Amino acid sequence: MVTRPSNDPADHDSSWYGATFGGWPGLPERPRQFVSRPRLLDQLDSEPSASLILVSAPAGTGKTSLVADWASTRTPGRLEWITFDPGDVLWPSFVDALERLGIALPASSAPSGDAGLDPRMRRDLALALASAPDPVTLVVDGYEVSSATVAADLDFLLRHSGHRLRLVLLTRSDPVLPLYRYRLEESMIELRMADLALGDDEAAGLLDQMGVRLTRDSVQELNARTRGWVTGMRFAGKLLLDHDDPDADIGQVMGESGSIAEYLMGEVLADLSPRDLDLLMALSVPDIIEPGLAHALAGEGTDRALSSLAHVNVFLETVPDRRDHYRFHPFFRDLLRAELGYRSPETWALLQRKAAQWYAAEGLLAPAARHHASIGAWEDVARLVTEHDAWAELLLADRTHPLVQVLRAVPADVEAPAAVLVRATLALATREGERFDGEMIRFAAAEGERGTDVDLARARALLLALRAREAADPGEALALADAAEEMRGDLTRRDSALVPLVLATKGIAQVRHGLTADARISLREGAVAADRSGSPSLVVECLGLLALVSCCEGDLAVGSSAAAHAVRAARDAGIAVEDRPAAAEIALAWVAVEHFDLRAATDHLKAAESSRFVLQDPASRTLLALVRSRLRAAQGDRGAAVSGVTAALDALAEADRWLGARLRVELAAWLVARGDVQTARETIDGLDDPTVAGALALVRAQTDLAAGNDAGAALAMGEARDPAAPVAVRVAASLVECARLLRTGSGVQAHRVVLEALVLARPITLRRPFHEAPAPVRQLVLQDRQLAAAHAWLFERSGAPMTRPPVRRPSEPVGPTAPVEQLTEKETEVLGHLAALLTTEEIAAEMYISVNTVRTHVRNILRKLGVSRRNAAVRIARELELLPS
């Protein structure tokens with residue numbers, strides 16, 4: 001027997017081969033560019049007692065090179081290598097190889113064909129092997145053990161040779177040996193296509209030997225595209241040698257797959273029967289062959305055939321972690337598709353439709369749309385959205401979503417109403433108002449020609465309502481939302497995402513009208529419907545808006561709970577902060593400001609401001625400006641608070657009276673705090689909105705008190721402190737009343753009123769009104785030791801807290817302890833930071849104020865304490881016990 005070089009084209013190309021591996025007669029030549037693979041060599045050595053080594057993989061995967069490297073470097077005892085060509089028979093070569101290994105064989109000659117060994121010769125061969133002094137290894141390269149007779153004889157020899165025979169099979173299809181038994185007995189080592197795939201470092205080494213220099217990222221990309229296929233990497237390397245910038249040209253090179261197609265045609269397709277080729281071409285239509293899809297494409301029994309096809313090594317493999325899903329190697333899949341399209345375009349189109357229908361029936365719209373699009377069936381693509389009520393999903397998905405990518409390709413000249421409405425939806429999702437309006441005009445014309453479709457009419461009503469979310473007239477928004485809700489029809493029984501989208505849209509319109517009680521109902525129902533339909537973005541939107549409405553009504557507990565639930569739902573669904581609706585973060589910032597947790601408020605506002613959620617609304621945008629202004633005021637910058645509210649008021653549509661009323665009340669409060677009483681009066685002049693009655697009464701009381709009109713302040717205070725008013729309004733009103741009483745000398749009554757405010761505020765940890773109360777009120781709270789001790793929650797550090805009162809001896813009277821001008825709350829806090837040796841910049845960062853504001857506070861501290869240096873101020877403050885504890 002004359003051994004021949006490998007018949008594996010991945011290893012046997014005169015341009016790739018050079019010196020032999022050496023070490024054993026008959027070993028194939030070493031490829032000119034060869035990378036040894038220790039990890040695979042170790043696998044071949046992993047079970048020394050294994051009698052069968054099976055290396056089963058498609059053409060071009062480097063089987064021969066690997067085993068030849070193992071044979072020449074790992075020295076597995078005496079070894080003989082036999083390479084077979086198509087049509088060769090096994091036993092003559094097999095017996096000759098054993099003789100060369102020194103195995104004493106019986107005098108009778110072996111059979112000339114593959115009919116099988118007679119029982120006597122089989123026993124004599126087994127006995128001769130068992131009598132050998134040392135184990136021998138026989139490498140059979142290129143012979144496909146497809147005969148049950150031959151397989152039975154090989155199995156007999158392996159089991160009865162006393163572990164003296166190790167058989168190494170290099171094959172493109174699994175032998176018909178009882179492999180399950182060898183696996184069970186752990187007497188087999190097997191390597192397959194996935195094992196032989198090049199790792200990134202191995203691919204880099206191969207390319208480097210070919211003279212191709214790529215960055216690590218480029219190697220990783222190229223290896224991912226070739227799936228580690230050795231021949232594919234070699235072809236890519238050859239092509240890249242001709243490119244000046246190989247890193248930039250990887251995509252172009254992978255598109256030049258003519259050589260690879262020729263290779264696969266000659267090495268794989270040529271060996272397939274017409275029946276197998278037809279089956280493989282049919283299965284190549286989808287990217288992933290899922291359970292049941294094979295049956296839909298190629299008929300009954302195909303699902304069972306997949307498993308056996310995977311073992312025939314036609315570049316078909318199971319998908320990782322999904323054992324019942326299969327896929328072709330990309331190059332082989334593309335070749336099969338091209339071959340099918342060339343042979344029978346009609347069959348190609350029919351199979352694409354079958355795949356689309358199967359995916360649609362499974363509710364997988366993106367692949368269904370992709371298969372329809374592959375044959376230009378754009379009306380069918382658009383009809384998928386209609387039939388599955390996928391308008392909400394289409395609106396909420398980002399541009400990278402597979403379904404959106406397919407639908408964005410719907411040509412502009414497709415006039416079918418569903419296609420027009422799809423284009424309108426995509427325009428709305430990208431906030432292209434003019435394009436949306438133009439498509440809606442086209443839809444009306446197309447609908448007029450073809451008649452009214454209920455599903456499309458419902459979608460049209462929804463889109464118009466969504467477009468009107470930001471309409472200048474909230475009445476128009478509410479009317480369109482009502483119309484969309486009437487068109488819901490039987491959707492409430494179908495778990496459609498349209499339901500929560502309609503309810504959220506209606507809730508926003510109701511909020512803009514000041515119908516907060518109605519809005520709460522709509523938004524609660526919307527949250528439930530969104531959860532039922534599996535629409536986490538709409539769950540987040542409905543709960544976030546519900547939280548904002550609750551905050552507006554003064555119910556911080558419900559607002560905080562609903563907002564936290566919304567954020568948790570977004571995190572559980574993996575929705576990035578920038579892709580979420582902003583309402584929940586605005587509500588959490590609102591609550592944090594009321595708690596005077598300025599750091600948390602800042603973080604929540606940053607999250608809200610980063611939102612790029614496709615469906616915006618004036619309510620969230622306006623209330624975001626309001627909370628931002630409150631934060632600026634809490635940080636000591638009332639000018640920024642005034643300008644922020646003023647800008648939001650100017651940007652608001654005149655018809656948004658409810659939101660406008662809230663902004664006007666807020667603006668008037670900051671104007672009074674700045675001492676601009678006249679402008680504050682003008683801001684609220686003529687305002688008569690019952691939804692802000694308590695807050696309006698509070699501002700009027702503050703205005704009268706600032707103007708010296710104590711009688712008018714007392715009258716307005718009664719309305720603001722009404723039990724029906726929100727808690728925050730009642731607390732703030734009590735503190736204004738306390739200031740009025742202190743000014744009239746009614747200290748005992750003032751103490752009682754401030755105690756009432758503390759009792760009201762404590763259950764919801766409401767700190768902001770105390771920080772923003774008139775200075776005499778803050779001093780009353782700070783200097784009353786018993787009051788401060790009973791309400792320590794008020795002084796807990798949370799951003800820029802109220803300063804604790806100085807610690808005094810029991811014998812000392814309550815009140816100022818030194819003849820110095822009283823320090824303000826902010827000055828006392830700055831003084832504490834000076835004592836901690838913080839720099840001006842560090843104090844500014846700690847208090848969320850500017851460096852110039854810190855310097856102003858320091859100058860005031862030095863003046864009031866009568867010193868010129870900071871360390872002197874700290875020393876005197878310690879002596880007078882003015883530092884915060």
Give the Rg (one decimal place) followed by the Dmax (whole number) of the range 259-402, computed from C-alpha coordinates and expressed in Å. 16.1, 50
With r defined as the distance between the Cβ atoms of ALA457 and ALA640 and R0 fixed at 35 Å, what FRET efficiency is calculated, to the nearest 0.05? 0.10
Would you please state which residues of the range 177-219 a label at ASP245 would reach in this model, taking the label point 7 Å out along Cα→Cβ and a backbone N cut-off of under 18 Å? 213-219
Measuring from label point to label point, each 7 Å out along Cα→Cβ, what is the ALA361 to GLU262 span in nm? 4.3
What relative contact order, as a whole-number percentage, does the chain give when Cα pairs under 8 Å and 6 or more residues apart are counted? 5
With a 10 Å radius around each residue's Cβ, average the other Cβ atoms per peptide and rank 552-559, 499-506, highest first. 499-506, 552-559
May I ask you to work out the translational diffusion coefficient for the range 50-91 at 4 °C, viscosity 1.567 mPa s, via Stokes-Einstein with Rh from the Kirkwood sum over Cα pairs, reported in whole µm²/s? 105
Taking Rh as the Kirkwood radius computed over C-alpha pairs, what is the Stokes-Einstein D of the range 688-803 at 20 °C in a medium of viscosity 1.002 mPa s, expressed in µm² per second? 151
At what distance in nm do the modelled label points of ALA789 and ASP689 sit from each other, each positioned 7 Å from its Cα along Cα→Cβ? 4.6
Give the calculated FRET efficiency between ARG878 and ALA647 to the nearest 0.05, with a Förster radius of 51 Å applied to their Cβ-Cβ distance. 0.70
Once you treat every alpha carbon in the range 17-196 as an equal point and sum by Debye, what is log10 I(q)/I(0) at q = 0.10, 0.12, 0.17, 0.19 Å⁻¹? -0.36, -0.53, -1.12, -1.43
Tell me, what is the percent relative contact order of the range 200-256, built from C-alpha pairs under 8 Å that lie six or more residues apart? 36
Quick check: the distance between the Cα centres of the range 361-386 and the range 824-885, to the nearest angstrom? 68
Under 24 Å from LYS826, Cα to Cα: lysines that are on another chain or at least 8 residues apart: LYS864
Expressed in nm², what is the orientationally averaged projection area of the convex hull enclosing the Cα positions of the chain? 52.2
Take the alpha-carbon centre of the range 242-293, take the same for the range 123-163, and report the distance between them in whole Å. 37
Modelling each spin label as a point 7 Å along the Cα-to-Cβ direction, I'd like the ILE288/ARG353 distance in nm, to one decimal. 2.7
For the ranges 267-276, 191-200, 686-695, what's the packing order if you count other beta-carbon atoms within 10 Å of each residue, average per peptide, and put the highest first? 191-200, 686-695, 267-276
Taking 0.36 nm per residue of separation and subtracting the Cα-Cα distance, what length does fully extending ASP208 through ASP134 add? 22.5 nm
If R0 is 25 Å, what FRET efficiency do you get for GLU796 and VAL759 from their C-beta distance, rounded to 0.05? 0.90
Relative frequency of Cα-Cα separations exceeding 15 Å in the range 26-82, percent: 51
In Å and from the alpha-carbon atoms only, list the Rg and Dmax of the range 818-885. 10.9, 32
Distance between the C-alpha centers of the range 219-234 and the range 618-682? Whole Å please. 61
Quick one: putting +1 on the C-beta of Lys and Arg, -1 on the C-beta of Asp and Glu, what dipole do you get for the chain around its Cα centre, in Debye to the nearest 20? 3760
With Rh as the Kirkwood radius over Cα pairs, the range 200-256 has Rg/Rh of 0.89
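Each value in this text was obtained by applying a stated rule to the coordinates, not by laboratory testing. As the structure is a computational prediction, the values presented were derived from the model and not from experiment. Ideal geometry is used to build each Cβ from the backbone, glycine not excepted, and the neighbour counts take in all protein chains shown.
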